[in-house]
Every structure is written in C-alpha cells, then in structure tokens.
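Step one of this worksheet: look at the structure below.
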Amino acid sequence: MPRIAGPCAVVIFGVTGDLARKKLMPAIYDLANRGLLPPSFALIGFARRDWADEDFGKVVYDAVKQHARTPFRQEVWDRLAEGIRFVQGTFDDESSFERLKATLDKLDQERGTGGNHAFYLSIPPNAFPVVCEQLSKSGLADKPEGCWSRVVIEKPFGHDLKSAEALNGVVNGVFPEASVFRIDHYLGKETVQNILALRFANELFEPVWNSHYVDSVQITMAEDIGLGGRGGYYDGVGAARDVIQNHLLQLLALTAMEEPVSFSPSELQAEKIKVLSASTLAEPLDETTSRGQYTAGWQGGERVVGLLEEEGFSTTSTTETFAAITVDVDTRRWAGVPFYLRTGKRLGRRVTEIALIFKRAPHLPFDATMTEELGQNALVIRVQPDEGITLRFGSKVPGNAMEVRDVSMDFSYGSAFAEESPEAYERLILDVLLGEPSLFPVNAEVELAWKILDPALEYWASHGKPDPYESGGWGPDSAFEMMNRTGRAWRRP
Ligand code: BG6
C-alpha cells in the first residue's frame, strides 16, 4: 500500500512563477486525487501580490484545471480548497513572516496540520538566504519534538562550486541537512528510478556493465523548445549549469555507481558520492567539450528565431543553449570508457536517453561484406518520451546469404504496464512530506557536480563565444568534431 502523508502544510514561495503553476500546484492536486494527502492538508501561497485566499484559490484552480495529470473531481478539489490560504508579503519584511506564522498556527488549530510544515523555495537562489533567515527568526525553522519543519530547494544551487558552498552554508546554518530537500526532478522520473531496478534486480546486465564490454556511454537530453520568455532565468546561466550540473550528472552517477549495500538513503548517497568523486572532465577541453547557441531555423514545420532574437535575451548574449562534455570515471569498472554528456534546446526532437555502446565482437568469422550493416551493440534506456529500454544487436537477414544487420528489441512502459507513471513532482513532493530523502541529492553531491563542471565553465568563459547551430538540427559542428576525433559518432535518436 502506498504511504499517505501525515498531517501537514506546504508553503510555496514563488507561487506566481511558472514552476508553481505548471508543476507544483497540479502535483499537489494529483496527490490529493490519488488519496495520498491527509484530510487536514493545507497549501499556503506566499507572494507580493495583493490577493485574498479566494484569489489564490482561483490561481490554484486554474493551474489544476490546465496542468493536472489526473481527471478533475469536484469533491477532491472542494476538500483541497478548504485548506488553501494566501499570505501577502515580501521576503525582507519580518512582519510578513509573523503573519505567515500566525496563519500556520491557526491552521494547526483549526485543521489539525500538526505543526508540520514544508517550505518550498521556488525562488531565485539569491533570495534563499533572506527567506531562510526570516524562517529562522520567526521560529518557523525550529520545531518542538514530534513536529517537523523541512525546506525544499529548487535549482540552481549556485553557479559554481564556491557559490554552492556558500549557499549550502547559509541553508545548513538554519536547517539541519536532514531537513533540506534539494529537488532534482529527474530523480523523480520512473525511468530514472528504473536504472536501479534494471541494473540490480537482474543478473543479465551487470556482468557486462563495465569497461571489458562497454566502449562508451552517451547521455543525451535534447529538447525541441526554445527559450523565448525565459531570459530572466536562463541568460547568463546556460545549458551546462541548467541541466548538466544536476540532471545529467545524476544520470551518470546512477549509471556508473557500484551496487549499494541497500537502498537506504545513506547507502545510495554513499555510492553516488563515490562515483562522482572519481569523475573528472577529460582533457584537453578544446577537444573534449563543445558549446553552442541556436540560430534561426525550421522546427516542426515552423520558422523559429535564434536565441539573440528571443524575447528577454540580450542581443549580444554569449549564453550557451547547447553543451557537451566528456567525463572520465576513474574506477576499476570504468577506466578508459568515456561518458559523453550532451544537452541542447531547439534540437531535432525532444528525447532523453542513456545509451551504453558496446565494443565490437573481437573476431567476426564473416566476410566483411556480410557485416556491412552491423553496428555496435547498444543498450538504450529511453528516459522520455516513449519511456522504455531498447537493446540493439545484429541478426541474420532472412535469405540464402549470411548477411547480418542491426535489429532492436524493445520494452515499452506503455504496453508492458497498465499503471500510469506519476509525474516526477508528485513523487518528490510526497517524499518530502513523508521525510523520505532517497531521491534528493545531498550537499556533497551538488558540490561534487560543480567540481566536475567548473573547469569547463571557466574554460568557456575565457574562450570566446559559443558556436552557432541551426534550430532543428543536432548541435554545432564542434560537437560532431568532438566525437569524430575519437572515431565515434553521436547517436541520432
Ligand atoms: C529543467 C530545466 O530543470 O528541466 C529546463 O531548467 C528544462 O530548462 C527542463 O526544460 C526539462 O524537464 P523535462 O522533465 O521536461 O525533461
């Protein structure tokens, strides 16, 4: 049976933002709809707007109607709506936080939220210190025995190792590490959790999951969307900080780590930390990395503009919208196997996958012409869309000749299971309320990820502009050259 959250309230800071509207509020409704929230649950929005509870309720209602995964049910909504409150305030104003405390105390008494509060910081990181400090001052961060106070932090966790350390220092100065939940929503995806099941619940894969059999690993997160309207967040941040530092390095950690002794949070974290500690960027960086910026082009039959013409971006922006790096994982299992990570906006199509590309068979007892259409064996974890796993290998083409050609064996979630996958945010928000930390990167993971990436960021900052690439393609020439140099090629998903 799924565990249901105990009495509690969630406070969202940054409630007028896109993330709250598209992901957080709908996920909370979906959890309520699935019967996973307690009847006493309360949702509090905190923002500058001059709203009454009903105005905020309307905002939540619209977000749910538009973006919830599960069907709308009036009785579920009515119950949820009874616990919706709004606190008008600003981060630097003490009295706003006193009002927030009064609202939470009242909810504890009236609805029985039990003094258990999760504070969701869906706000820019430069506002984390002031909000944490105000939560501490108003007494909302410290709780008596038997009650909890947790803080949920959205990325970016800083912009390099130094700033991440400073940020972690501030947050940990107020909340003990066990009460800090750093969101990396990729860890909430079913297909990402399935990496552990695939590797450690089966006997088939793990014996070949190493440098004896694997030639290289490619982790791709391609998006077809552009960045119009997101300049405020993205300009000056770029693709590497936006998703390689977190999502892609977490995928690398899960793919490359050793088997944990158990799935307890500390054992799992220990293995991820170990493998991230062993990972560094391959050098020289001018040959092993690439970055690009999209220019105008065609996508989905439509003409689209380049980044420099996008609303909200400086016309001289040097922000990269494509980034690729090569990571060496210096462990006995992986020494000599390059991990290629790439991500980009406005690429050919939306796809996230992890591909293990195997070495060629050491000897082929065929004439060369018979294996002309045989590639390297590959195991591809299709994270999204079309979630599943593909195994590619060679097979004899029917006929008199011995001709071998690549074929695929597919597992697809859609056809194998009747159950629908919950949204990543449903799983993660529920885990926060249950106090279940397995799927949240700890301080050390975040800092190690920056340590891996920092040399590329510094190198790029001092080496001109990103290379242009046409929207709808697969990245700049430098990305293709980076692979060609090693005698390999990017997969064309
Ligand atoms: C976010 C990034 O973390 O992930 C966005 O900030 C990106 O730039 C998004 O678009 C992609 O998430 P998903 O779940 O659609 O792959």
Notebook entry, point to check: Say we look at the stretch 242-285 and pick out the residues that are hydroxyl-bearing (Ser, Thr, Tyr) and in contact with a helix residue (DSSP H, G or I) (Cβ under 7 Å, 6 or more places away or on another chain); which of these is nearest to the ligand (Cβ to nearest atom)?
Noted result: Thr255
Notebook entry, point to check: Can you tell me which residues in the stretch 91-133 are surrounded by fewer than 16 Cβ atoms within 10 Å (Cβ to Cβ) and β-branched (Val, Ile, Thr)?
Noted result: Val130
Check: Within the stretch 185-198, is even one residue in contact with a Cys (Cβ under 7 Å, 6 or more places away or on another chain) and more than 16 Å from the ligand (Cβ to nearest atom)?
Finding: no
Notebook entry, point to check: Could we say that Gly238 is surrounded by fewer than 22 Cβ atoms within 10 Å (Cβ to Cβ), of a type outside the set (S, T, N, Q), more than 10 Å from the ligand (Cβ to nearest atom) and farther than 16 Å from Leu391 by Cα here?
Noted result: no
Next item on the list: Check Gln384, Gln376 and return the single one that is buried (at least 16 other Cβ atoms within 10 Å of the Cβ), under 22 Å from His247 (Cα atoms), of a type in the set (S, T, N, Q) and touching a residue at least 24 places away in the same chain (Cβ under 8 Å).
Entry: Gln384
Next item on the list: Filter the stretch 382-398 for residues that are away from the ligand (no atom under 16 Å from the Cβ) and among the aliphatic types (A, V, I, L, M) and give the result.
Entry: Ile389, Leu391, Val397
Item checked: Selection count, the stretch 134-164, where residues are buried (at least 16 other Cβ atoms within 10 Å of the Cβ), at pLDDT below 95 and among the charged types (D, E, K, R) -> 2
Checklist line | Positions within the stretch 405-429 being closer than 25 Å to Thr220 by Cβ and either among the small types (Gly, Ala, Ser) or crowded, with 19+ Cβ neighbours inside 10 Å (or both), in sequence order | finding: Ser408, Ser412, Gly414, Ser415, Ala416, Ser421, Pro422, Glu423, Ala424, Tyr425, Arg427, Leu428
Next item on the list: Can you tell me which residue among Met370, Met402 is more than 27 Å from Ala222 (Cβ to Cβ), loosely packed, with under 15 Cβ neighbours inside 10 Å and more than 16 Å from the ligand (Cβ to nearest atom)?
Entry: Met402
Next item on the list: Tell me, yes or no, whether the stretch 204-214 has at least one residue that is within 16 Å of the ligand (Cβ to nearest atom) and either closer than 23 Å to Pro362 by Cβ or acidic (Asp, Glu) (or both).
Entry: no
Next item on the list: Only residues that are buried (at least 23 other Cβ atoms within 10 Å of the Cβ), of a type in the set (S, T, N, Q) and either over 18 Å from Leu248 (Cβ atoms) or in contact with a helix residue (DSSP H, G or I) (Cβ under 6 Å, 6 or more places away or on another chain) (or both): list them for the stretch 327-356, please.
Entry: Thr343
Next item on the list: Can you run down the residue pairs with Cβ atoms below 7 Å, 6 or more apart or on separate chains, where the first is in the stretch 343-366 and under 30 Å from Met402 (Cβ atoms) and part of a loop (DSSP other than H, G, I, E, B) and the partner is away from the ligand (no atom under 13 Å from the Cβ) and among the charged types (D, E, K, R)?
Entry: Lys359/Asp215
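Results for (1) hydroxyl-bearing (Ser, Thr, Tyr); (2) over 20 Å from Ser122 (Cβ atoms); (3) touching a strand residue (DSSP E or B) at 6+ places or on another chain (Cβ under 6 Å), shown as yes or no for each residue.
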site: Leu19; (1), (2), (3): no, no, no
site: Asp30; (1), (2), (3): no, no, no
site: Asp62; (1), (2), (3): no, no, no
site: Phe72; (1), (2), (3): no, yes, no
site: Val76; (1), (2), (3): no, yes, no
site: Glu82; (1), (2), (3): no, yes, no
site: Thr90; (1), (2), (3): yes, no, no
site: Ser95; (1), (2), (3): yes, yes, no
site: Ala102; (1), (2), (3): no, yes, no
Item checked: the stretch 230-259 residues that are among the polar types (S, T, N, Q), paired with ones that are modelled with pLDDT under 95 and within 12 Å of the ligand (Cβ to nearest atom) (beta carbon under 6 Å, 6 or more apart) -> Asn246/Lys155
Next item on the list: Check every one of the strands (runs of 3 or more DSSP E) wholly within the stretch 80-165 and list those with 3 or more residues that are in contact (Cβ under 8 Å) with a residue 60 or more places away in the chain.
Entry: 117-121
Margin query: Among the residues in the stretch 182-197, are any surrounded by 15 or more Cβ atoms within 10 Å (Cβ to Cβ), in contact with a helix residue (DSSP H, G or I) (Cβ under 6 Å, 6 or more places away or on another chain), hydroxyl-bearing (Ser, Thr, Tyr) and closer than 25 Å to Gly89 by Cβ?
Written below: no
Note to self: Can you confirm whether Asp224 is modelled with pLDDT of 95 or more, within 16 Å of the ligand (Cβ to nearest atom), of a type outside the set (Phe, Trp, Tyr) and surrounded by fewer than 18 Cβ atoms within 10 Å (Cβ to Cβ)?
What the structure shows: yes
Next item on the list: Please find, within the stretch 367-393, the residue that is nearest to Trp209 (Cα to Cα) out of those that are in contact with a strand residue (DSSP E or B) (Cβ under 6 Å, 6 or more places away or on another chain) and part of a loop (DSSP other than H, G, I, E, B).
Entry: Asn377
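The values are calculated or read from the model by the stated rules, or taken from the named source; none is laboratory data. All figures in this text were calculated on a predicted structure; none of them were measured in a lab. So basically every Cβ, Gly included, is an ideal-geometry build from the backbone, and we count neighbours across all protein chains shown.
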